[in-house]
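The values are calculated or read from the model by the stated rules, or taken from the named source; none is laboratory data. The model shown is predicted, which means the values in this text are computed figures rather than measured ones. Counting neighbours? That spans all protein chains shown, and the Cβs are built from the backbone with ideal geometry, glycine included.
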Amino acid sequence: MNTIHDIGGLDGLTLPERDQGRILNEEWERHVVGVALTAWSTLIPGYSGSLRSDIERIPPELYLKMPYYAKWLWAEEVALIRSGLVTRAELENPDTAMRSVDSLPYRPQDVVAVVESDESYELPAEVPPRFAVGDEVIARNEHPPGHSRMPRYVRGRRGVIHNHHGVHLFQDDVDEDIGQQHLYTIKFTGRELWGSRAHPNDVIYAELSDYHLEGVSA
């Protein structure tokens, strides 16, 4: 992905002060997070959401102007409409009658229980990892049109495997069947990413999958 939605590492493009730290400063932001957590907790039958992919479909001219949690709201509205749970007309006319949602099992205590659970997202591994802690790797210099968990500023850069997290769900938009993907934390030096302007002690950690990485030849 090479759109305005992946601008990390570029000069002059920083979060507005109101969004730094992503603190829930306003009541509407708390409501948006509540809706998202309810949906993500799989308490809404038929819900089909993909927060990052839906956010990346926001028109660029709007994306740069929207507060952080307004982007979440956009994505959840799109997901709820796509899932057939609400209509655009219902969202645009909140004071009119809406379809009954009494049958939906979304109790606040159920959402809290899911959020507070300490379950791992690691999946059973059926294939061995390609890399081990301490291995040098290069992030593939790929620029896909769809969603990618690999930041643009690490592509083509060399790093070291800092940690291995087992197999996890792979969320990139790819056409091929890539099978299971082990997930790693990769350590990049600031100098590797940004050259001599970076402080020599700066490091960046990025979580990348087997698909994103190439080995370094001895």
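In table form, for the structure just shown:
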{"quantity": "Scan of the range 107-141 for residues that are within 26 Å of Val216 (Cβ to Cβ) and among the hydrophobic types (A, V, I, L, M, F, W, C), ordered by number", "calculated": "Ala125, Val127, Phe131, Ala132, Val133, Val137, Ile138, Ala139"}
{"quantity": "Top-ranked residue in the range 129-177 [being assigned to a loop (DSSP other than H, G, I, E, B) and among the aromatic types (Phe, Trp, Tyr); ranked as farthest from His5 (Cα to Cα)]", "calculated": "Phe131"}
{"quantity": "Pairs where the first residue, in the range 191-206, is touching a residue at least 12 places away in the same chain (Cβ under 8 Å) and part of a strand (DSSP E or B) and the second is surrounded by 13 or more Cβ atoms within 10 Å (Cβ to Cβ) and among the acidic types (Asp, Glu), C-beta under 9 Å, 6+ apart", "calculated": "Ile204/Glu192"}
{"quantity": "Qualifying residue in the range 140-152 (condition: surrounded by 14 or more Cβ atoms within 10 Å (Cβ to Cβ) and of a type in the set (Gly, Ala, Ser))", "calculated": "yes"}
{"quantity": "Qualifying residue in the range 176-186 (condition: modelled with pLDDT of 95 or more and either hydroxyl-bearing (Ser, Thr, Tyr) or surrounded by fewer than 16 Cβ atoms within 10 Å (Cβ to Cβ) (or both))", "calculated": "yes"}
{"quantity": "Conditions (1) exposed (fewer than 14 other Cβ atoms within 10 Å of the Cβ); (2) in contact with a Pro (Cβ under 6 Å, 6 or more places away or on another chain); (3) not hydroxyl-bearing (Ser, Thr, Tyr): number failed by Pro108", "calculated": "(2)"}
{"quantity": "Given (1) exposed (fewer than 14 other Cβ atoms within 10 Å of the Cβ); (2) under 22 Å from Arg52 (Cα atoms); (3) of a type in the set (S, T, N, Q), index of the condition Asn163 fails", "calculated": "(2)"}
